[in-house]
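No lab work stands behind these numbers, since they all come straight from the coordinates. Note that the coordinates shown come from a computational prediction; the quantities given were computed from them, not determined experimentally. Positions of Cβ are generated from backbone atoms using ideal geometry, with glycine treated the same way; all protein chains shown enter the neighbour counts.
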Amino acid sequence: MRTKEVAYLLKLEMALDLRQRAAWGGMLLYVVSAVYVCFLAVKGGLGTATWNALYWIILLFAAFNALARSFQREDGGRQLYLYTLVHPRSVVLARSLYNAITMVVLSLLSLLFYVLFLGNDALAEADLVQFLLAVVLGAIGFAAVLTLVAAIAARAGNGLGLMAILGFPIVLPMLLAVMRASKLALDGVAFSVNSTYFGGLVLLDVITVTLAWLLFPYLWRD
Amino acid sequence: MKQGWWKLLAVVLLLAASIAALRVPLAPDLVHVTPDRIAPGPVELTITGYNTHFTDGSAVYLENTDQRVCPVEVVVKDETHITARFDVPMGLKDNLTDLGVGKLRYDGALFTEGLGEGVESGACGPGVQKLDLSGLAFVFPNRSILYESIRNLHFHVPMWFAMIALMGISLVFSIRTLASNSLDHDRAALSAMMIGLLFCALGLVTGALWARATWGAFWTNDVKLNGAAVTALIYLAYLVLRGSIPDAHKRARLAAIYNIFAFVLLVLFLFVLPRLNAIDSLHPGNGGNSGFGDLDMDNRLRTVFYPAVLGWILLGIWMFTLRNRAARITEQLER
């Protein structure tokens with residue numbers, strides 16, 4: 001029953017986003033602009049460490065930008081309507097899931113543009129599977145943390161500004177761990193060395209989603 | 001006074017721990033020897049000690065791989081200075097020579113030239129001995145780099161214990177806020193948070209001073225320090241969040257949710273991630289650096305440390321109750 005609700009809400013999110021193509025266009029344009037600015041700013045080659053750091057910084061800001069709007073749609077009437085139809089926990093699960101999908105797609109597209117503009121020298125010795133795993137886990141992690149933060153910021157009636165203040169310190173642990181993991185992957189270390197980071201990331205993701213699932217009903221009721 | 005016994009306990013513990021932390025002397029040790037390089041032939045060493053009692057006539061000797069060299073002449077200038085003349089023989093085995101004065105040893109004090117197959121050992125020193133503090137009065141360990149700053153252990157570390165305790169109290173009241181929708185619980189959560197932030201600030205200041213004295217910089221890029229910075233940012237963000245919501249009940253609920261969410265992630269960040277990053281930390285207890293348990297063979301630091309922790313936590317709770325009462329009275333007066 002609950003899974004049906006989640007699946008339905010997920011479909012609803014996708015349908016709504018397909019209808020508002022400007023939103024996706026905006027996100028992509030943001031990423032491309034950010035990558036292009038970096039390309040212009042960093043003339044010449046980048047070291048592996050800088051290449052990695054820059055990519056994650058772009059992705060971090062893209063995540064804030066993309067996820068800030070995830071609860072903006074719910075003005076009073078629509079929220080009340082949803083509240084009468086489904087359990088709030090289904091809403092937050094569906095929204096987290098949808099945001100995770102968004103972020104994975106967005107981060108892979110960013111990677112494409114990033115490699116296109118800033119070159120793939122850093123990937124020369126990389127363990128690509130591990131690197132992509134780090135990117136995907138990082139994207140899911142950003143989505144998991146920022147979904148609840150976006151909900152809090154939206155309820156406080158103060159969009160992106162408050163979200164950055166609230167979200168930055170709690171996304172930082174995730175960012176540091178994921179940067180470490182992807183740097184190690186770029187250096188091409190064995191999976192056994194890097195697996196503690198991946199384990200830590202999965203743990204963070206699971207705990208974050210569980211917390212969001214637990215707390216969201218209190219956030220929704222008025 | 002019956003309910004206030006723990007406040008009295010806090011005061012007593014804090015006074016005792018602070019006096020001990022400030023007044024107890026450091027263990028005697030040798031801190032400086034000039035010159036730091038010896039070659040075969042006559043050499044005059046000037047030895048500087050710290051908290052030592054050289055006038056009690058301790059034997060001075062050089063030691064190089066179990067071979068001892070005795071001095072030709074020793075002049076004790078005062079409690080902390082000795083001049084000793086040696087006739088360094090040709091053919092010591094190792095290129096680092098230790099210096100001993102009585103029970104005190106300075107390992108690797110002198111870089112040695114003119115190595116060989118070894119020399120005949122003199123019979124002047126008491127032989128190889130580990131520094132043994134147990135016979136002495138209550139003292140702090142004397143560690144190079146740390147020296148007197150080791151006293152900060154009893155101020156810097158308890159600040160973080162007290163902060164975590166107060167953030168824990170704040171968390172409990174935040175959970176109760178969600179369960180009861182009561183503004184009283186929300187006020188308590190905020191009060192605990194404010195006092196916790198005060199301890200956070202004190203922890204940062206004492207830590208920065210200590211880092212300057214030992215690592216050479218007020219701030220370094222370190223897992224523990226990042227954890228401290230994130231903690232401060234999270235709880236300042238909590239205050240910003242509160243400030244941006246005019247409606248009291250909504251503010252209470254949103255702040256409680258953020259507090260719970262942030263606290264759990266913070267605990268993960270402070271206590272789980274540093275274990276993953278274990279390779280690169282300067283901070284004691286991380287990255288292969290010894291915690292104080294390793295320096296403190298006979299646990300004498302703990303007899304001051306644990307009372308200090310308990311005292312600061314109790315003081316924090318006392319401050320929290322006072323602030324909470326003041327906030328409640330202010331609200332009643334405004335109404």
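General remarks:
- Rounded to 10°, Cα long-axis angle of helix A:160-186 versus longest principal axis of chain A: 40
- Folded to 0 to 90 degrees: helix A:191-220 orientation relative to chain A principal axis, Cα: 20
- Using alpha-carbon coordinates, inclination of helix A:21-41 to the longest axis of chain A, degrees: 30
- Region A:1-31 and region B:156-194 have Cα centres separated by 38 Å.
- Three-way shape label, the protein assembly as shown, alpha-carbon gyration tensor, a/c 1.5: oblate
- Amide hydrogen neighbours beyond the local backbone of residue B:105, cut-off 5 Å, H modeled: B:30
- Region B:206-246 versus region A:61-107: alpha-carbon centroid distance in Å: 31
- Mean separation of Cα contacts under 8 Å (6+ apart) over length of region A:30-147, as relative contact order %: 45
- For the protein assembly as shown, the Cβ-based charge dipole about the Cα centre amounts to some 3300 debye (Lys, Arg positive; Asp, Glu negative; other atoms uncharged).
- Region B:6-79: GluC sites (Glu not before Pro) in DSSP coil with no more than 15 other Cβ atoms inside 10 Å: B:79
- Our helix-only sum for the protein assembly as shown, with -39,500 (n - 2.57) per DSSP H run of n ≥ 4 divided by its residues, gives a mean residue ellipticity at 222 nm of -21500 deg cm²/dmol.
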